[in-house]
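> Structure below; questions to follow.
The values are calculated or read from the model by the stated rules, or taken from the named source; none is laboratory data. Worth saying up front: this structure is predicted, and the values here are computed from it rather than measured. Counting neighbours? That spans all protein chains shown, and the Cβs are built from the backbone with ideal geometry, glycine included.
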Amino acid sequence: MNAWNDVRSAKEDANICIQRNIYTHDDNIVGVEDCLYLNVYTPSLPKNEHKTIEKNYPVMIWFHGGGWVTGAGHSQFYSPKFLLDHDVILVTVNFRLGPLGFLSTEDMISPGNQGMKDQSQSIRWVNENIAAFGGDRDRVTIFGESAGGASVHYHMMSPLSRGLIHRGISESGTALCPWVLTRPGLAVMQAKRLGEFLNCPTTNSLALVECLREKKAVEIIATDRKFQVFDYDPMIPFRPVIEPNHPGAFLNKEPAESIKNGDMADIPWMTGFNSHEGAIKVAGLYGLKNGKYVKQLNDQFMDLAPMTLMYEHTCPKNYLLDVSKKIRDFYLNDKQIDESTKFDVIDMYSDAWFNVGADMAIKDHLNIFSSPVFYYYFAYKGSASFSTIFGDSTRDYGVSHADELQYLFPVGEQLFKDTPLSKDDHKIIDIMTKLWFNFAKTGNPTPVVDEQLPIKWKPVRTNALEYLHIEYPQNISMSKYLLKERMDFWASIPHRAGVKMSKRTSSQIQDEL
């Protein structure tokens, strides 16, 4: 993009970052390299250029999900239609994806986290410019889903974003989920594998990176399936990393250590997950390849579990077999993986990929920080579900990963055109957008109790982890001990005992478990 001198029309979406969607098993590679743009949506601004713009709207910056592999901030998907029923400014962001955004040689040749630094730059841009759009730079909420939710948690830790954000919302993703970080030593191995796939030298970082820079972006993205072993696992080969300690580092400490040491922004945080998160994986396992993946998982569980449930690089190797056996016994109890145990498999993936990471993070926040944490459990089964996108339109998978997006953004207009919103769907839209807006405006999702929100959403106060249970428009309630038996099970196994932290926190690993 060249510079311009006159007024530039910015009423259309820019191109998305180059990518291929592994979660929908898409064959097409789409997007371009010139993609670092953001969209700003405001309430009505005065047309008279001499009229003063009101400068007190709270600001919400959205980081999309997609495993740092796919997605974009474009209006076809993340339109302001629902959220701008409230007096808020919405900013949606593109950032580099896949190896273009997250390749790391674990040294200063390519330290990594390029995509996260794109996000940080968008936060800085908002801080410097949002007043011109009527926004309050001192009331900036960052929010996101899945990898976007984990990104929010990372920004709370990153020195690049410190002081520029005032609240965070992490939907179905925290910095303690097992898919959010490339463990030390693995990132450079993945970089070398990429080099091998593209016939680049791998003897040293400089030669590797110089060769990769000569390759076309589409060639680099097209290697994604060469990393896959079981369906699209191991998922997300290029992720955020702990960088060498240097002035521009986005992340240079173990996330669990940052939380336990209080080395992160102490700001109000909202987080939670959906009741059947694991449908993101299980819908494809059951819906594709005529059951091949289901049989493979059943027959080869002990071999596949560490990789597909993502404790392969955090559990000590001498515990892997025992942990895999305990997981199978706990969720399946000697039963086969088949149609009759589909929801047990969903629970297993839900906990391994999403729920345990939220549970651990909330407990740590409760013990360390003074700012409130608002915990939710989204169990509303609407007219449509993302499980149809993830691989199966014929079976019920419950309330899937990403299903809550339908009630914050009009994603159904693109994805579920043949399934109109129901009356209850519209009520949930009103409830969800009001909760999210209230939190962005005040730091409290229910500053007042009214007819639409007749219950006070209380922050987590005790280790019972009080949470808001959203089941129907007429059935929203406070509860506690969310999935306690399942969370206690994961706390009893050493699935993260191999996570290395500094000496001052190594004695606390058992607390983390």
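> Going by what's in this entry, would Glu106 be described as among the charged types (D, E, K, R), crowded, with 21+ Cβ neighbours inside 10 Å and farther than 24 Å from Lys216 by Cβ?
yes
> Of these, Phe390, Phe416, Phe439, Phe409, which one is over 30 Å from Arg137 (Cα atoms), crowded, with 22+ Cβ neighbours inside 10 Å and of a type in the set (A, V, I, L, M, F, W, C)? Step through it out loud before you land on a result.
Numbers: Phe416 fails: crowded, with 22+ Cβ neighbours inside 10 Å; Phe439 fails: over 30 Å from Arg137 (Cα atoms); Phe409 fails: over 30 Å from Arg137 (Cα atoms).
Only one candidate qualifies: Phe390.
> Among the listed residues Asp488, Asp511, which satisfies the condition of being outside any strand (DSSP E or B), surrounded by fewer than 17 Cβ atoms within 10 Å (Cβ to Cβ) and at pLDDT 95 or above?
When all the criteria are applied, what remains is Asp488.
> For region 250-300, give me every one of the helices (runs of 4 or more DSSP H) that falls completely inside it and has 3 or more residues that are of a type in the set (A, V, I, L, M, F, W, C).
Correct list: 279-287.
> Looking at (1) within 18 Å of Glu404 (Cβ to Cβ); (2) touching a strand residue (DSSP E or B) at 6+ places or on another chain (Cβ under 9 Å); (3) in contact (Cβ under 8 Å) with a residue 12 or more places away in the chain; (4) not acidic (Asp, Glu), which is the only condition Lys441 fails?
Unmet condition: (1).
> Only one of these is touching a residue at least 12 places away in the same chain (Cβ under 8 Å), within 30 Å of Pro268 (Cα to Cα) and touching a helix residue (DSSP H, G or I) at 6+ places or on another chain (Cβ under 8 Å): Pro244, Pro234, Pro178. Name it.
Pro178
> Taking only pairs six or more apart or across chains, which ones have beta-carbon atoms under 6 Å, a first residue in region 1-22 that is closer than 22 Å to Thr223 by Cα and in contact (Cβ under 8 Å) with a residue 12 or more places away in the chain, and a second residue that is buried (at least 17 other Cβ atoms within 10 Å of the Cβ) and of a type in the set (S, T, N, Q)?
Correct list of pairs: Cys17/Asn94; Gln19/Thr70; Asn21/Thr70.
> Also: Does Ala379 meet the test of being modelled with pLDDT of 95 or more, surrounded by 22 or more Cβ atoms within 10 Å (Cβ to Cβ) and either closer than 27 Å to Asp85 by Cβ or of a type in the set (Phe, Trp, Tyr) (or both)?
In short, no.
> Taking region 128-187 as the search range and keeping residues that are basic (Lys, Arg) and either out of contact with any Phe, Trp or Tyr (no Cβ under 7 Å at 6 or more places or on another chain) or outside any strand (DSSP E or B) (or both), which one is nearest to His365 (Cα to Cα)?
If we filter region 128-187 for residues that are basic (Lys, Arg), which is where we start, we get 137, 139, 162, 167, 183.
Right, trim to either out of contact with any Phe, Trp or Tyr (no Cβ under 7 Å at 6 or more places or on another chain) or outside any strand (DSSP E or B) (or both) and you get 137, 139, 162, 183.
Details: Arg137: 25, Arg139: 21, Arg162: 17, Arg183: 23 Å.
By that ranking, first place goes to Arg162.
> Counting only residues that are surrounded by fewer than 16 Cβ atoms within 10 Å (Cβ to Cβ) and touching a Leu at 6+ places or on another chain (Cβ under 8 Å), how many does region 466-478 have?
Residues in region 466-478 being surrounded by fewer than 16 Cβ atoms within 10 Å (Cβ to Cβ) and touching a Leu at 6+ places or on another chain (Cβ under 8 Å): 2 in total.
> Could you give every pair whose Cβ atoms fall below 6 Å, whose first residue belongs to region 316-332 and is farther than 20 Å from Val345 by Cβ, and whose second residue is not basic (Lys, Arg), counting only separations of at least 6 or pairs across chains?
Pro316/Ala497; Pro316/Gly498; Tyr319/Pro494
> Please find, within region 261-289, the residue that is surrounded by the fewest Cβ atoms within 10 Å (Cβ to Cβ) out of those that are within 22 Å of Glu466 (Cα to Cα) and among the polar types (S, T, N, Q).
Ser275
> Can I ask one more? Considering each of Thr92, Thr105 in turn, give the residue that is of a type outside the set (Lys, Arg) and assigned to a strand (DSSP E or B).
Checking each option against the conditions leaves just Thr92.
> Quick test of your reading of the structure: Asp351 fulfils all but one of (1) in contact with a Phe, Trp or Tyr (Cβ under 8 Å, 6 or more places away or on another chain); (2) of a type outside the set (Phe, Trp, Tyr); (3) in a loop (DSSP other than H, G, I, E, B). Name the failing condition by number.
Every condition holds for Asp351 apart from (3).
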